[in-house]
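Notes follow once the structure below has been shown.
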Amino acid sequence: MLPYTFVISIVIAMVLLAPRKRINVALWSFVFVVLLLFVGLRYEVGMDWNNYLLMIQRINSGSFYGYRAS
């Protein structure tokens, strides 16, 4: 839980400390890429992870719909 708190704290600090009239596009782009990687590179996280793994195993074995492909 600590990494999530750290990442959201950085975004909140940037919003509170940033000047209102001028937006630093490079800095916000960097933060966007970091958040994108943070969300996209999670490994085996989430309530539905086991369901996706089971579906992939069924597809690879050829019995996705409950019967084996001939």
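Quick rundown of the values:
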read-out	value
Accessible carbon and sulfur surface of region 1-42 relative to its total accessible area, %, 1.4 Å	78
Accessible surface, per residue, of region 1-48 when the full set of protein chains is kept, probe 1.4 Å, Å²	94
In nm, spacing of pseudo-spin labels at VAL34 and MET47 (7 Å Cα→C-beta vector)	3.0
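The values are calculated or read from the model by the stated rules, or taken from the named source; none is laboratory data. None of the values given here were measured: they were computed from a predicted structure. Positions of Cβ are backbone-derived with ideal geometry, glycine not excepted, and every protein chain shown enters the neighbour counts. Quick note on the areas: whole protein, heavy atoms, side chains included, nothing else; ligands and nucleic acids left out. Shrake-Rupley method; radii C 1.70, N 1.55, O 1.52, S 1.80 Å.
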